[in-house]
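To keep things clear, I will list the structure first and then write my remarks on it.
The values are calculated or read from the model by the stated rules, or taken from the named source; none is laboratory data. Predicted model only: the values in this text are computed from it and were never measured. Ideal geometry is used to build each Cβ from the backbone, glycine not excepted, and the neighbour counts take in all protein chains shown.
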Amino acid sequence: MQTTESDIISRFGLFLDRNGFTVLRTAVDNEHFGNEVVICSAPCFRVKFVKDRGQIFTEISRGAREPWYPLEDVLKVALGSQEFEARYAYYMADPTSALELNLEAVTRAVQEKQDEIAALGRDRAQEVAQDIFGRPIVYG
Amino acid sequence: MGVVVLGHYPEYIELAEQLRASCFNISVEVWSKMSHEEQWEANRKFLDDAISRGDEILLATPLERLHIGSWYERELRYLASRGFRPDAGARRLVLVS
């Protein structure tokens, strides 16, 4: 993996500066699609931007060596299902705005409701499995 | 027969390297010049080749962290259409006749 100019930093640099995020790691992988990972820290959580085959995804973690969760799961817990669903399209199209507009709520959710976020991920996995494969996941 | 790894970046690359398995890969120079349709055609051909060889298909990223609308989701939907289903724990896909 080689580090060269980051498309993610180019796109989100102003957002990161404006909100006091510190870039901890930047990796650009030109041998694999130009994929990228950028990990940043805020005072109370970490955010990871992943560019995967040209698509950019955002994940949130409480801190080092803690699990990562999709931003949409964190927002759903932070805002409540009804408010999140009402703004889903906007937030998914512009994840940095979603974060910036809801920094306090996201911080509280990550710090205080991690179990709820993890449970939401498990529920969503079952929905995805049912939708794609026509049956839920069977665990051990 | 080999092993193919699917998932989100960077997990699928890391697991493929760890297992010396195959994963779909194109350099940024080539990928960035392809249309969306050409990109999917290349991705689909990689999956078809894996199916033809009877490769084992591993999922490096659990479905809990699947991003909706991603290439990974499209790969899973395609494999589902070809008769593949997750095994117990959903860390590999198996062909169900």
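What the table below lists for this structure:
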quantity: Only one of A:ALA78, A:ALA86 that is surrounded by 14 or more Cβ atoms within 10 Å (Cβ to Cβ) and over 15 Å from A:CYS40 (Cα atoms); calculated: A:ALA78
quantity: Residues of region B:9-57 satisfying the condition of being acidic (Asp, Glu) and either surrounded by fewer than 18 Cβ atoms within 10 Å (Cβ to Cβ) or without any contact (Cβ under 8 Å) to a residue 12 or more places away in the chain (or both); calculated: B:GLU14, B:GLU17, B:GLU29, B:GLU37, B:GLU38, B:GLU41, B:ASP48, B:ASP49, B:ASP55, B:GLU56
quantity: Some residue of region B:70-86 being surrounded by 14 or more Cβ atoms within 10 Å (Cβ to Cβ), touching a His at 6+ places or on another chain (Cβ under 8 Å) and not hydroxyl-bearing (Ser, Thr, Tyr); calculated: yes
quantity: Scope region B:24-77; condition among the aromatic types (Phe, Trp, Tyr), within 11 Å of the chain's Cα centre (by Cα) and not in a loop (DSSP other than H, G, I, E, B); matching residues; calculated: B:PHE46, B:TRP71, B:TYR72
quantity: Residue under evaluation A:GLU31, criteria (1) at pLDDT below 95; (2) within 14 Å of chain B (Cβ to nearest Cβ); (3) crowded, with 16+ Cβ neighbours inside 10 Å, criterion not met; calculated: (3)
quantity: Extreme residue, farthest from the chain's Cα centre (by Cα), among residues of region A:82-115 that are more than 24 Å from B:GLU73 (Cα to Cα) and within 14 Å of chain B (Cβ to nearest Cβ); calculated: A:ASP115
